[in-house]
Amino acid sequence: MSDIASRNKARIAQQFSRAANTYNSAADVQLDIAFDAMAYVPSHYKNGLDIGCGTGRISQQLAARCDNLVAMDLAFGMLAYAKQNSLGGDPSICWLQGDADCLPMADNSVDMVFSSMALQWSDNQQKVMSEIARVMASGSNAILAIMCDGSFNQLNDSWQTIDSQRHVNNLASAQTWYDAAKSQGLQVTMQEKQYVTWHQNIRQLLSSIKSIGANVLLTHQYSTEQTRLESKNVFNRHTLQYLETFYQQKYAESMQLPLTYQVCFLQCRKYPPTWD
């Protein structure tokens, strides 16, 4: 793994760990998306894996449908919160720190993989899907809800009127994720859905992103300038006022600011190999 990729992962883990205590109260749309993904989960399975379990809200519901569940997250802070708040310390759940790009699981070891709003943080879709396919047993299912290109489009557009710097992460398209899953020999069905949250002002909108830990801007080359900008408050009052003015003029409805989440739902199934 490159130094840049390692640095990005460390920043992601740190930011989500910091947000563990505020996540549940702020992550309403994330919960809606996870519930929609849960509708595709089989009624019962033996060994499951929840990638990006966060505070464990969904992990506890997944655990009710299986004998054993590994609930995994990159952020130690999220895992600590999830374990501390799991109902009765469910013994069927194993809380595990791990990276979706290199799953700490044996080959063919799970019959259900679940992930909601986590995989978009990987910059290597082929690697992620290769790892998911590797740990899936023959006949198993993977249900993946992934934030895609088109998300935060209003915010990105508004920022571009202020400067040429990137303030919103570039996300892979739904088609890219679909192709990555298909390339691993999985049978794949995909649906796409938009979710829109509404906010009174730009500060509330930006806070909705920060409160869940999703305000990490990934870098693709090491830059001391980027590091400098991260260390200072780039959201000064003048900048925020300009951003809000443009956002209001172009996108507001009933004085509310919309923020769009574009999500693809992948239903993947792994079949045994056929021999000629």
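Can you tell me the FRET efficiency between His238 and Tyr271 if r is taken as the Cβ-Cβ distance and R0 is 51 Å, rounded to the nearest 0.05? FRET efficiency, His238 to Tyr271: 0.30. For the chain, the antiparallel share of DSSP beta bridges with both residues in that region comes to about 50%.
Using a simple spin-label model with pseudo-atoms 7 Å out from Cα toward Cβ, Ala5 and Ala252 lie 4.4 nm apart.
Among the listed pairs Lys127/Lys182; Lys9/Lys182; Lys182/Lys270; Lys127/Lys270; Lys46/Lys270, a Cα-Cα separation exceeding 21 Å is found for Lys9/Lys182. A Förster radius of 22 Å, combined with the Cβ-Cβ distance separating Asn124 from Gln175, puts the computed FRET efficiency at roughly 0.85. Here's the list of aspartates and glutamates a cross-link from Lys210 could span, going by alpha-carbon distance under 20 Å and ignoring same-chain residues fewer than 8 apart: Asp28, Asp32, Asp73, Asp149, Asp157, Glu230, Glu244. Taking 0.36 nm per residue of sequence separation and removing the Cα-Cα distance, the Gln14/Lys182 pair yields an extension gain of 57.2 nm. Sorted fewest first by neighbouring Cβ atoms within 10 angstrom, Tyr242, Tyr195 come out as Tyr242, Tyr195.
Relative to the current alpha-carbon distance between Asp149 and Glu192, full extension at 0.36 nm per residue lengthens the span by 14.4 nm. I'm spelling it out carefully: the read-out is log10 I(q)/I(0) by the Debye sum over Cα atoms at q = 0.11, 0.12, 0.16 Å⁻¹, the candidates are (1) -0.64, -0.76, -1.29; (2) -0.68, -0.77, -1.12; (3) -0.54, -0.65, -1.27, and one was derived from this structure. Which label? Computed from the coordinates, log10 I(q)/I(0) by the Debye sum over Cα atoms at q = 0.11, 0.12, 0.16 Å⁻¹ corresponds to (1). For segment 8-151, the antiparallel share of DSSP beta bridges with both residues in that region comes to about 5%. Over segment 83-145, what is the mean sequence separation of C-alpha contacts under 8 Å (at least six apart), divided by residue count, expressed as relative contact order in percent? This gives 40 percent for segment 83-145.
Site pair Gln160 and Ser92 shows an inter-label distance of 4.8 nm when each label is modelled 7 Å from Cα along Cα→Cβ.
Of Asp99, Asp50, Asp90, the residue with the greatest mean-square motion in the GNM of the chain, using alpha carbon springs below 10 Å, is Asp90. At full extension, Thr260 and Asn108 could sit 51.1 nm farther apart than now, given 0.36 nm per residue minus the alpha carbon distance. The modelled label-to-label distance between Asp32 and Ala137, using points 7 Å beyond Cα along the C-beta direction, is 3.6 nm. If only the Cβ of Lys and Arg carry +1 and only the Cβ of Asp and Glu carry -1, the dipole of the chain around its Cα centre is close to 480 debye. The ranking of Ile162, Ile146, Ile209 from fewest to most other beta carbons within 10 Å of each one's beta carbon is Ile162, Ile209, Ile146.
With respect to the chain, whose longest principal axis is taken over its alpha-carbon atoms, helix 237-251 is tilted by about 70°.
For segment 3-269, relative contact order (Cα pairs under 8 Å, six or more residues apart, normalised by length) works out to 24 percent. Peptides 37-46, 73-82 ranked from most to least packed by the mean count of surrounding Cβ atoms within 10 Å: 73-82, 37-46. Sorted fewest first by neighbouring Cβ atoms within 10 angstrom, Ile12, Ile93 come out as Ile12, Ile93.
None of the figures in this text is laboratory data; all of them are computed from the coordinates on show. Given the structure is predicted, the values throughout are model-derived calculations rather than measurements. Positions of Cβ are generated from backbone atoms using ideal geometry, with glycine treated the same way; all protein chains shown enter the neighbour counts.
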